[in-house]
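A.B. asks: Input: one structure, supplied below.
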Amino acid sequence: IAYHPADPSQAELAAGQALTPPQIFDDGSFEFVELLNIAGNAINLDGVSFTDGIGYTFGPVIMLPGERVVLARNPTALAIRHALPASVQVVGPYTGALNNNNETLAYAAADATPIQSFDYDDSGSWPGRADGAASTLELIDPARDPGSAGSWRPSSEFNGSPGSAGSGPDNRIAINEVLAHTDLPEVDSIELVNRTGAEIDISNWYLSDTRDQYTRFQIPAGTSIPSNGFITFDETDFNSSGT
């Protein structure tokens, strides 16, 4: 679920203006809800409709076992942000918009029999990166209760992975230690650890202390961490200007 997508980039805004007629994108333009067929047989979504949160009634869309269908608020905007293969079924637009704070999502079969209903939220233990910080809400396991915060994680992929399963947390490299309040001659520092048995090249990765700007410090090219090893960056690296 992309209930509060990241703001459009300058390139995305320009792409919208280049359309005929031009479209003005905001963050809500990139909303989407992804459905997954967890049954062992094909499912025809004809007549299935969202009854709470957003408004949409499906046409004769066939979902094969394990297939995903992406319901987009603005399919044109979605195609600009995500280069999806032609095999991914994208439908929409839907009416209304997903609430950026909390929402009840529900949909029902053509005969009005409820299929699923649950609430999501942006507070407490719900994944914070899905709230406007370039991640989506990603269900860890379809067998889990979607109304529980612990059933969800923030997507590791920037802006999510509509039409395909998310890769989940990388977990190879972790922040191991932080020295955040120092007096000269000590300086603030961040230590990373390689938790694997192989060397990992972290050239051009980013470190940040705010989700509003992930690209605050870019790790220099040619930087690697040996297997089960450590590397430390300090203020002379990420705050060389002293500001």
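A.B. asks: Which of the residues that make up region 208-224 are under 15 Å from Asp131 (Cα atoms), in contact (Cβ under 8 Å) with a residue 24 or more places away in the chain and not basic (Lys, Arg)?
C.D. replies: Asp212, Tyr214
A.B. asks: Moving to a separate point now. Inside region 167-193, can you point out the residues that are assigned to a loop (DSSP other than H, G, I, E, B) and either farther than 22 Å from Gly242 by Cα or basic (Lys, Arg) (or both)?
C.D. replies: Result: Ser167, Gly168, Pro169, Asp170, Asn171, Arg172.
A.B. asks: Just a yes or no: is a residue in region 134-153 more than 11 Å from the chain's Cα centre (by Cα), among the β-branched types (Val, Ile, Thr) and over 26 Å from Asn228 (Cα atoms)?
C.D. replies: Scanning region 134-153 turns up at least one residue that is more than 11 Å from the chain's Cα centre (by Cα), among the β-branched types (Val, Ile, Thr) and over 26 Å from Asn228 (Cα atoms).
A.B. asks: Looking only at region 2-16, filter to residues that are open to solvent by 20 Å² or more (accessible area, probe 1.4 Å) and not charged (D, E, K, R); which one of those is nearest to Ala79 (Cα to Cα)?
C.D. replies: Across region 2-16, the extreme among qualifying residues is Ala15.
A.B. asks: Would region 201-221 turn up any residue that is aromatic (Phe, Trp, Tyr) and more than 14 Å from Ile175 (Cα to Cα)?
C.D. replies: Scanning region 201-221, I find at least one residue that is aromatic (Phe, Trp, Tyr) and more than 14 Å from Ile175 (Cα to Cα), so the answer is yes.
A.B. asks: Within region 194-243, work out how many residues are over 30 Å from Ser9 (Cα atoms) and part of a loop (DSSP other than H, G, I, E, B).
C.D. replies: The qualifying residues number 9.
A.B. asks: Residues to consider are Glu199, Glu235; find the one that is open to solvent by less than 60 Å² (accessible area, probe 1.4 Å) and either without any contact (Cβ under 8 Å) to a residue 40 or more places away in the chain or not β-branched (Val, Ile, Thr) (or both).
C.D. replies: Step by step, each of Glu199, Glu235 is checked, and only Glu235 is open to solvent by less than 60 Å² (accessible area, probe 1.4 Å) and either without any contact (Cβ under 8 Å) to a residue 40 or more places away in the chain or not β-branched (Val, Ile, Thr) (or both).
The values are calculated or read from the model by the stated rules, or taken from the named source; none is laboratory data. Just so it is clear, the structure is predicted and the values come from calculations on it, not from any experiment. Positions of Cβ are backbone-derived with ideal geometry, glycine not excepted, and every protein chain shown enters the neighbour counts. In case anyone asks, the SASA skips ligands and DNA or RNA and just uses the protein heavy atoms, side chains included. Shrake-Rupley method; radii C 1.70, N 1.55, O 1.52, S 1.80 Å.
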